[in-house]
2 protein chains.
Amino acid sequence: MQVIKGIATLLLAVSISTPNIMAQEVNNNVQKPTLEDLIPGGESYRYAENIYGLQWWGDICIKPDTDALKAINPKNGKEKTLFTLEQLNKALEEAGLKKLPMLYSIKLPWAEETKVLLPKSHRFAVYNWETGTVTKRDDLPKEPYANQDLHTESGNIAYTVQNNLYVNGSRITDEPEGVVCGTSVHRNEFGIHKGTFWSPSGKLLAFHRMDERMVTQYPLVDITARVGEVNNIRYPMAGMTSHQVTIGIYNLNSGKTLYLNAGDPTDRYFTNITWSPDEKSLYLIEVNRDQNHAKLCQYDVSTGELEGVLFEEKHDKYVEPQDPILFLPWDKTKFIYQSQRDGFKHLYLIDTNGNGFQSDSYKQLTQGEWLVQDILGFNTKKQELYILSTEQSPLQSNIYKVNLKSGKRTLIGNNEGVHRAQLSASGSYVIDTYTAPNVPRCINLINTQNGKSINLLTAQNPYAGFQMPTIEVGTIKASDGKTDLYYRLVKPADFDSSKQYPAIIYVYGGPHAQMITNGFMNGVRGWDIYMANQGYIMFSLDNRGSSNRGLEFENVTFRKLGVEEGKDQVKGAEFLKSLPYVDGNRIGVHGWSFGGHMTTALMLRYPEIFKVGVAGGPVIDWGYYEIMYGERYMDTPQTNPEGYKECNLNNHAGKLKGRLLIIHDDHDDTCVPQHTLSFMKACVEARTYPDLFIYPGHKHNVMGRDRVHLHEKITRYFQDNL
Amino acid sequence: MQVIKGIATLLLAVSISTPNIMAQEVNNNVQKPTLEDLIPGGESYRYAENIYGLQWWGDICIKPDTDALKAINPKNGKEKTLFTLEQLNKALEEAGLKKLPMLYSIKLPWAEETKVLLPKSHRFAVYNWETGTVTKRDDLPKEPYANQDLHTESGNIAYTVQNNLYVNGSRITDEPEGVVCGTSVHRNEFGIHKGTFWSPSGKLLAFHRMDERMVTQYPLVDITARVGEVNNIRYPMAGMTSHQVTIGIYNLNSGKTLYLNAGDPTDRYFTNITWSPDEKSLYLIEVNRDQNHAKLCQYDVSTGELEGVLFEEKHDKYVEPQDPILFLPWDKTKFIYQSQRDGFKHLYLIDTNGNGFQSDSYKQLTQGEWLVQDILGFNTKKQELYILSTEQSPLQSNIYKVNLKSGKRTLIGNNEGVHRAQLSASGSYVIDTYTAPNVPRCINLINTQNGKSINLLTAQNPYAGFQMPTIEVGTIKASDGKTDLYYRLVKPADFDSSKQYPAIIYVYGGPHAQMITNGFMNGVRGWDIYMANQGYIMFSLDNRGSSNRGLEFENVTFRKLGVEEGKDQVKGAEFLKSLPYVDGNRIGVHGWSFGGHMTTALMLRYPEIFKVGVAGGPVIDWGYYEIMYGERYMDTPQTNPEGYKECNLNNHAGKLKGRLLIIHDDHDDTCVPQHTLSFMKACVEARTYPDLFIYPGHKHNVMGRDRVHLHEKITRYFQDNL
């Protein structure tokens, strides 16, 4: 898009910018990436190079190649072939199984054995490359099943068929429609992402049972059926009746199931299930509906009765336990607990026989204005714990080892970028995968004791040869006048500081997410690159409420989601307007989900600032959002009527002045279409004129091939109107 | 909107058009009507003056005034007051009924008696103005009821509560959900608009029973509920299983119901129920699912058995009986039948004892290349029949009397415009209400024998004082090169023939409708007036397939709806392009329902002609449309696969080049939202870019106050894009 403001500006631009026009011509010889190149799902989209299926086999690094499985000695990086794909497929054929096209999906959970686990497509058969034999299992159903959970040591497998739970071919629950067993519950909040929990020996299986029969169903309509059909989802909305979860324990020896006697499950959340190492106790964290009170509870597995509450956490706003406790491998009486109790998520070592956070029953292992993001595992021999944390920068994840005796932390790998890591069985080695602003992906095998590193991959830039914008990261002050907020500014490759460019803010703004990182290209999105190439200044700002900055940074938004966040985004817009090369009258905003809410809210609350917005899958009224997430931040419509009123964008529909396109997917089961449709109705009644588009058949975001269409649609809207 | 084509044109326009600019300034002093003035539902919308509640009491004309009921002597036009509203309300108060705010809703069905029938709001109580008494009835239910049908002579009343039929307070059917009694059936096709039929004496009641349990339900989602709720509708789609109708006869004396033994009701339509004058027979027309074969059947009311088939009508394409037979008041062995058998709907006099259309059993009463539109009634004394017909012009409805002996036709009232009429009890007088291009509304009392006319109302122009466009009507040739098609061309008030205007075609194009008439302002719509005032040339054309032009004109579209109609509309567009003052590169199109289909089809089939379209509630795939209407014109998807494929606009989604906005209502139970949503999906897959808007809570069109929003939305789309 040409950026021209009237004839006078055009003439001015022509007269003073000949060098730049030439520069532009030069750039024009460099190909601009298309949306097909930049958007996941696009025909020519390329991920940065990677080594798929990289994993540990004990302390041996396994690398699946195209035609063979390679073992890398982490001491010297030397590779040897364990077996070839051809050998495997020959064995599969003999066993009457179909061929495996690639080796990326196999697993090596048995450190001491020459066996690989085949994927679900091969019904979890096991191939022994020494003997060349395939061991099939005959206890999996013919009908579709899901939520499979294999206990690799014992070989026991749990899975679900429709709403019931099965173990090794036997159904162990018999529940009617509306009661589901063995799945994730509480809409994946509180760190929950599965529904079965094997005991260390694999003889006992803890599982969720969720009764949803009392939850109102939301009807999503499938228009691809011959006649439109309803796909109902159980969707508990803020302030309404929620589902009820209980925890069962199935004993494989007795074939009996015992449910924990946790009392009335109404308005309670059960999360972070952990087995005690001796399998005699089950630990879990219980949270009240108000989400301001969590208890670490210990249940007797033999009776289902509560043995005790180890400790409780309370907060005026909310507590959000997301991590199960983790026992020390060398001392079964102590476990690691992750808490934000000092304002940042840190590690605490707690004694099972002590008094929780009282007196000397615990030890704080980490401390400081940074936070622990993940625990990678232990080195038992050295009594070390491995973690990812933001200690280097809130924009980064770096690997540290923490000595549990001395408390000393040591950086593993470099101090740049965003690291992900897999620790070897003994903790002696780590597979360190990281990206940094100029590093698309780098994978190293690192010795955790001496730091010696062997490079396995340094990815080529997937955008090599393309015209690319420039990216800057910096900070501005939040609307509180004191908090630093990180922004990312993307400028066209042929940037000319004498011109005035329209600017688009890409916003998310909600909790649990961060837009600006020190990862590759600072986390910029493909569409931002595309639009910068079209002559837009692209801007993002992680407002207060977003992640990796600590509890108070996040919970300032409590009971009024979108309001403080919006004030911070306005600071971003003011910063943009202060830039001489930004046309302050042409500022647009785009976001999805929480970012769709932000986009709509900014268009309505600040019509004098934002000219054009595109909001995708927006929350419009928190009363239509689900209980677990919604009530954590907003409480209920009954207890926070003012907050719900102020944050219900239907109440602001009459303030729309600029151009606002709202996009929603008709199968959005995260943020149901009622949000957007109610906003259309509110605008019709208020005589304002938003635009609308619906992607049929998609869920909470447009994925796959259609994602390119989505971004072309968004692009055109800004081109037409900004 | 300024009509400027680049700077050169602008300069040219300025240099040569000074007088016009002045003229425009003068015009600017005259107010342009707003959408609120022009769109029904708008705050300042005004209908042309009318006399509401005008009716006959025998041969006395009744005119409800604001505060009194007036009787007008049709011989001399003298008015006298029958009673005042105050008198009525005093009597109502004494009877314990609420006051009636206006007299417009009362009826005088008893010619010889000084009684009026009060409306449903007053539970059909009767007020005698001589005695000053109110007679209430106590046989109506307290719960909501509908489909009330009062036999005024006997006082018997039928009505429905939910899906069952009641008479005088007693339930006479006991059907489960999915079976409805006493309502209109077959989706109001075949002229059906009610479900109960009193015998002449009121002792017998024929009624529909419709079993819909085998019909697929389409889910409409009500997003105004706390949690979106499904409102299912039984919607039989083309080629699928349809409902089954049977005809019951309830005998008030015996309290028993007998169903006609008409055989298996699968895939059959039952319509045009008529009682024989002696109540011994029930006549109805039976149509096969293919709709190419109709039979006039006579059933014995005492046994329910078929007495005989009087005659049959067949056609290669379709037959569409829409009118019940009508017995002569003076000869119970003869009835009037309306048929298109000679290509135009005409009247036939048929003998019940004869052989239908064989030999001398019938007499054709009217003939010619025009058609009968309605039968008003008889003058028994003179043996005359009164009708409305297009004999003067296909754009008109005029009143004729037809002498049944001589066949002579005499025009009643003038030969202009579009007339509606009510005949008095004896047929001696008619209330003639008509509009003509310059006549907003004129009401005359006319003596049918001597033609003497008394003017009751000559309405003021509701747009007096407003700047109004000019309207022209003419004909062009259809794409067959021979058929004349009527068009209407609307030019801005300040029209300047040296300018080039963008043009918008407003299209409907389907059967049973006509856009261009000789009614007020030639039938122009408020939005056309508005857009002409904004500087657009507005154009409409009644293509082949539309009404009032005879059978062959209509049925040329058979099995390929939209195709021939589109070719004719292209002729209209070519005509527009031939006009020197039309900018041929800026032609838009807008329509709703069938017109939404036409709009979308034109945008897709003729992307080189049409730049911008706005389609409302469109049929996209006739496979999603209902059986009765859809299969008449398209047959079934099974028997006409090529036609359904060609006419399914999803198969043309990739051809979209211009800007197309599709608007649908989320409670559209005529043309379900699946049409538009499937088109969005098809366009996403084809990588084309339509726009979309949805009006929540509305049915097949946006009505009431929101209709102004709709037209502002449509206006902005053309202003932005055309």
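Every number here is computed from the coordinates shown, using simple stated rules; none is lab data. Just so it is clear, the structure is predicted and the values come from calculations on it, not from any experiment. Positions of Cβ are generated from backbone atoms using ideal geometry, with glycine treated the same way; all protein chains shown enter the neighbour counts.
Under the rule a/c < 1.5 gives rounded, and otherwise a/b versus b/c splits prolate from oblate, where does the stretch A:392-475 land using the Cα gyration tensor? In terms of gyration-tensor shape, oblate. Suppose the chain between B:Val161 and B:Lys567 were pulled fully straight at 0.36 nm per residue; how much longer would it get relative to their current alpha carbon spacing? Difference between extended and current length: 141.4 nm.
Around the amide H of A:Val589, modelled in the peptide plane, lie the amide H atoms of A:Ile505, A:Val612, A:Gly613, A:Val614, all under 5 Å away and 5 or more residues distant in sequence or on another chain.
Across all directions, the shadow cast by the convex hull of the stretch B:516-663 built on its C-alpha atoms averages 9.5 square nanometres. Dipole magnitude for the protein assembly as shown: computed about the Cα centre from +1 point charges on Lys and Arg Cβ and -1 point charges on Asp and Glu Cβ, it is near 1980 debye. Restricting the calculation to Cα atoms, the stretch B:366-511 yields a radius of gyration followed by a Dmax of 19.1, 62 Å.
When only alpha carbons of the stretch A:49-138 are considered, Rg and Dmax amount to 12.5, 41 Å.
Against the empirical curve 2.2 N^0.38 Å, the C-alpha radius of gyration of the stretch A:98-190 lands at a ratio of 1.24. Legend: mean number of C-beta atoms from other chains within 10 angstrom of residue C-beta atoms, peptide A:209-219, equals 2. In degrees between 0 and 90, to the nearest 10, how far off the longest principal axis of chain B does helix B:706-721 point, with axes built from Cα atoms? The answer is roughly 20 degrees. Taken one residue at a time, the phi angles of the stretch A:265-278 give Karplus couplings (6.51, -1.76, 1.60, θ = phi - 60°) of x, 4, 6, 9, 10, 10, 8, 6, 5, 9, 7, 6, x, 8 Hz. Gly and Pro are set to x. A dipole drawn for the protein assembly as shown from +1 and -1 charges on Cβ atoms has a positive end, and of A:Tyr218, B:Ala71, A:Ser302 the residue lying farthest that way is B:Ala71. Would any residue of the stretch A:136-171 have its amide N under 14 Å from a label point 7 Å out along Cα→Cβ of A:Lys203? List them or say none. Backbone N within reach: A:154.
All C-alpha pair distances within the stretch B:479-592, sorted into 5 Å bins from zero, spread as 2, 12, 23, 23, 19, 12, 7, 2, 0 percent across the bins. Based on Cα contacts under 8 Å between residues 6+ apart, the stretch A:162-315 shows a relative contact order of 15 percent. Projecting label points 7 angstrom from Cα along Cα→Cβ for A:His293 and B:Glu552 puts them 8.7 nm apart. Taken along the Cα-to-beta-carbon direction at a fixed 7 Å, the label points for B:Asp374 and B:Lys78 span 3.2 nm. Partners of B:Lys256 within straight-line reach, counting lysines whose Cα lies under 22 Å from its Cα and excluding those fewer than 8 residues away in the same chain: B:Lys194, B:Lys203, B:Lys280. Each residue of the stretch B:115-122 was assigned a 3J(HN,Hα) from its phi angle through the Karplus curve 6.51 cos²θ - 1.76 cosθ + 1.60 (θ = phi - 60°); the sequence is 10, 10, 9, 8, x, 4, 4, 10 Hz, with glycine and proline shown as x. In order along the stretch A:448-457, phi translates into HN-Hα couplings of 6, 9, 10, x, 5, 10, 10, 7, 9, 7 Hz, rounded to whole numbers, per the Karplus curve 6.51 cos²θ - 1.76 cosθ + 1.60 with θ = phi - 60° and x for Gly and Pro. Maximal additional length on extending the A:Ala686-A:Gln55 stretch stands at 221.4 nm, based on 0.36 nm per residue less the C-alpha distance. Taking label points 7 Å from Cα along the Cα-to-Cβ direction, B:Thr410 and A:Thr257 give a separation of 9.0 nm.
Residue by residue along B:691-699, Cβ atoms of other protein chains within 10 Å of the local Cβ number 6 on average. Against chain B, whose longest principal axis comes from its Cα atoms, helix B:674-686 is set at around 30 degrees. Pairwise inverse Cα distances across the protein assembly as shown, averaged and inverted, put the Kirkwood hydrodynamic radius at 37.8 Å.
Over all pairs of different C-alpha atoms in the stretch A:643-690, the reciprocal of the mean inverse distance, the Kirkwood hydrodynamic radius, equals 11.4 Å. For a straight C-alpha distance cut-off of 15 angstrom, the aspartates and glutamates reachable from A:Lys408 (same-chain residues fewer than eight places away being disregarded) are A:Glu384, A:Glu391.
Under 10 °C and 1.306 mPa s, how fast does the stretch A:162-315 diffuse according to Stokes-Einstein, given a Kirkwood radius computed over C-alpha pairs? Answer in µm²/s, whole number. Answer, rounded: 95 µm²/s.
Treating each Cα of the stretch A:464-509 as an identical point scatterer and summing with the Debye formula, the log10 of I(q)/I(0) at q = 0.13 Å⁻¹ comes to -0.43. Put +1 on the Cβ of each Lys and Arg and -1 on the Cβ of each Asp and Glu in the stretch B:510-646; which of B:Gly545, B:Met634, B:Trp622 then has its Cα farthest toward the positive end of the dipole? Checked the options; the winner is B:Gly545. For B:Lys63, a cut-off of 23 angstrom between C-alpha atoms picks up these lysines, skipping any fewer than 8 places away in its own chain: B:Lys75, B:Lys78, B:Lys80, B:Lys90, B:Lys98, B:Lys99, B:Lys107, B:Lys115, B:Lys120, B:Lys452.
Hey, what D do you get for chain B in µm²/s if you plug the Kirkwood alpha-carbon radius into Stokes-Einstein at 20 °C and 1.002 mPa s?
Taking Rh from Cα pairs, D becomes 76 µm²/s.
Helical runs assigned H by DSSP (4 residues or longer) give the protein assembly as shown a calculated mean residue ellipticity at 222 nm of -5000 deg cm²/dmol, each run adding -39500 (n - 2.57) before division by the residue total. Proximity of backbone amide H atoms, modeled 1.01 Å from N, is registered between B:Asn292 and B:Val319 at under 5 Å, excluding neighbours fewer than 5 places apart on the same chain.
With R₀ fixed at 51 Å, the C-beta to C-beta distance from B:Lys657 to A:Arg171 puts the FRET efficiency at about 0.35. Taking a ≥ b ≥ c as the square roots of the Cα gyration tensor eigenvalues, the stretch B:656-722 comes out oblate, since a/c reaches at least 1.5 and a/b does not exceed b/c.
Amide H contacts of A:Tyr487: A:Gly474, A:Thr475, A:Ile476, each under 5 Å away and 5 or more positions distant or on a separate chain (H built 1.01 Å from N in the peptide plane; Pro and chain starts excluded). Net length available on complete extension from B:Ser121 to B:Ala71 is 15.6 nm, with 0.36 nm assigned per residue and the Cα-Cα distance removed.
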